[in-house]
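Peer 1: I have a structure I would like to understand better, so I am pasting it below and will then ask my questions one at a time.
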Amino acid sequence: MPSWWKGKAPAGEDPKQTARRQRIQREKRDQFRAQHAVARAIDRGDLIRPATCDECHKEGKVIGHHEDYSKPLEVQWLCPKCHGKRLWGYGRP
């Protein structure tokens, strides 16, 4: 875990930036833990990143998407385009 996730401010950081960073870390703690659980599982070989998107079935780079951060190893593998659609609604009518 990077030192800045442990509450240590980078040298010369403004106190307002420190407060904002700490607030974001608290809000996204589950997301951070889920992402790192997936990375560790891939490194150990417990989870294998597929070559195709689960949604559009195109080959290429895929990104792990969590619907529920409390289930960190339940990941849907999506290409960047489908991941953008899922998160922010890109391409929807």
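Peer 1: Residue 20: net charge of surrounding residues, Cβ under 13 Å, Lys/Arg +1, Asp/Glu -1, itself excluded?
Peer 2: Details: positive: 16, 21, 23, 26, 28; negative: 13, 14, 27.
Its environment carries a net charge of +2.
Peer 1: Here's something else I'd like to know. Enumerate lysine pairs in region 12-88 that are 8 or more residues apart or on different chains, then count those whose Cα atoms are under 16 Å apart.
Peer 2: Numbers: 28/71; 58/81; 58/85; 61/81; 61/85.
For region 12-88, the number of qualifying lysine pairs is 5.
Peer 1: At what distance in nm do the modelled label points of residue 69 and residue 57 sit from each other, each positioned 7 Å from its Cα along Cα→Cβ?
Peer 2: About 3.4 nm separates the two model spin labels.
Peer 1: Further question on the same structure: Among the GluC sites (Glu not before Pro) within region 9-92, which fall in a DSSP loop and have no more than 14 other Cβ atoms within 10 Å of their own Cβ?
Peer 2: On the way: sites: 13, 27, 55, 59, 67, 74; in loops: 13, 55, 67, 74.
Those satisfying the criteria are 13, 67, 74.
Every number in this text was worked out from the coordinates using simple rules, so none of it is lab data. Given the structure is predicted, the values throughout are model-derived calculations rather than measurements. For neighbour counting, all protein chains shown are included, and Cβ atoms are generated from backbone atoms with ideal geometry for every residue, glycine included.
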